[in-house]
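Here's the structure we're looking at; comments come further down.
The values are calculated or read from the model by the stated rules, or taken from the named source; none is laboratory data. Bear in mind that the values here come from a model prediction, so they are computed numbers and not experimental data. Reconstructed Cβ throughout: ideal geometry from the backbone, glycine too, with neighbour counts over all protein chains shown. Protein only, heavy atoms only, side chains kept; ligands, DNA and RNA dropped before computing areas. Shrake-Rupley method; radii C 1.70, N 1.55, O 1.52, S 1.80 Å.
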Amino acid sequence: MKKLANKTAVITGGNSGIGLATAKEFINQGATVIITGRNRKAVDEAVADLGENAYGVIADSGSIASINTLREQIKAISQKIDIVFINAGVGKFNSVEQMSEEMFDEIMDINFKGAYFSLQQILPLVNDGGSIVFNTSINAHIGMAGASVYAASKAALLSLTKNLAIELLPRKIRVNSVSPGPVGTPFHSTDKLGLTDEQLQQMGEGIIKQVPIGRFGTMEELAKIVTFFASDDSTFLLGSELIADGGMYNL
Ligand SMILES: NC(=O)c1ccc[n+]([C@@H]2O[C@H](COP(=O)([O-])OP(=O)(O)OC[C@H]3O[C@@H](n4cnc5c(N)ncnc54)[C@H](OP(=O)(O)O)[C@@H]3O)[C@@H](O)[C@H]2O)c1
């Protein structure tokens with residue numbers, strides 16, 4: 001029996017990286033998946049790649065006006081949702097001296113405020129007994145120069161995980177988090193991080209030295225963890241976090 005047979009999932013930021021790999025794994029495990037994204041072309045291409053059990057919705061997690069269209073767009077595809085993976089996020093890094101209000105707001109608007117209000121939109125559609133998973137980051141636990149605002153945006157999601165787990169207990173909706181260490185996705189690109197090729201290479205080499213297993217994680221490894229939280233394999237887990245980081249934090 002497939003782990004997610006007859007389940008319907010929403011994955012925010014599902015057109016790329018960990019979100020897209022998780023959509024593939026959910027579908028392999030029998031689910032129907034609705035991905036969200038801000039870029040129509042990227043979402044359409046991902047849906048075509050995912051096949052017949054996938055649907056796409058356009059919503060910019062950095063805009064409340066756009067997020068406010070989520071519920072109706074999702075309802076037009078499915079009246080009921082079992083799994084929500086709040087995954088959309090950006091990585092922007094700068095020192096406290098150099099941080100602009102614009103960059104601060106972009107990080108917080110997408111990673112924290114967008115996560116919160118996306119979930120608020122979707123929640124009335126979630127079945128009692130459903131599962132919500134946040135994608136946070138190892139940065140919520142460690143100190144890294146230039147990462148303070150990104151880390152704070154992810155630490156906020158860990159706080160949400162615990163508080164919403166207790167708040168949603170009467171509906172038997174479980175809330176948990178996965179906190180990835182470095183994972184090989186388009187997140188680590190010159191475009192998305194705003195770095196030069198040389199800076200990106202240096203950053204990658206610097207990160208690998210801090211990972212005991214000696215490599216980046218793969219999107220597929222993360223997708224399996226999210227599937228664990230989404231499925232009935234984890235029914236005794238509430239408000240919990242799995243740090244998936246090749247030993248970076250624990251060793
Ligand atoms: N890769 C890592 O090392 C790592 C480590 C720790 C945590 N994470 C977290 O994992 C999550 C997924 O990242 P990833 O590594 O899979 O990177 P990715 O390939 O860049 O995926 C991020 C996804 O979020 C979407 N997104 C970003 N801003 C959005 C917005 N305003 N509205 C809607 N969608 C938006 C992206 O859409 P576009 O394609 O349009 O940009 C993309 O689909 C992020 O929350 C990230 O912080 C990643």
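Which residues, counting only those in the stretch 100-143, are small (Gly, Ala, Ser) and either within 19 Å of LEU242 (Cα to Cα) or surrounded by fewer than 21 Cβ atoms within 10 Å (Cβ to Cβ) (or both)? SER100, ALA115, GLY129, GLY130, SER131, SER137, ALA140, GLY143 - these are the residues of the stretch 100-143 that are small (Gly, Ala, Ser) and either within 19 Å of LEU242 (Cα to Cα) or surrounded by fewer than 21 Cβ atoms within 10 Å (Cβ to Cβ) (or both). Would you please name the residue that is farthest from the chain's Cα centre (by Cα), looking only at residues in the stretch 1-31 that are part of a loop (DSSP other than H, G, I, E, B) and hydrophobic (A, V, I, L, M, F, W, C)? Going through the qualifying residues, I end up with MET1.
Restricted to the stretch 84-99, and to residues that are within 16 Å of the ligand (Cβ to nearest atom) and of a type in the set (A, V, I, L, M, F, W, C), which residue is most open to solvent (accessible area, probe 1.4 Å)?
PHE93
Look at ILE27 and say whether it is open to solvent by 20 Å² or more (accessible area, probe 1.4 Å), away from the ligand (no atom under 11 Å from the Cβ), closer than 23 Å to SER234 by Cβ and among the aliphatic types (A, V, I, L, M). Yes, satisfied. Among the residues making up the stretch 1-16, those that are surrounded by 23 or more Cβ atoms within 10 Å (Cβ to Cβ) and of a type in the set (Gly, Ala, Ser) are ALA9, GLY13, GLY14. Within the stretch 213-227, the set of residues being within 12 Å of MET248 (Cβ to Cβ) and surrounded by 13 or more Cβ atoms within 10 Å (Cβ to Cβ) comprises ILE213, PHE216, GLY217.
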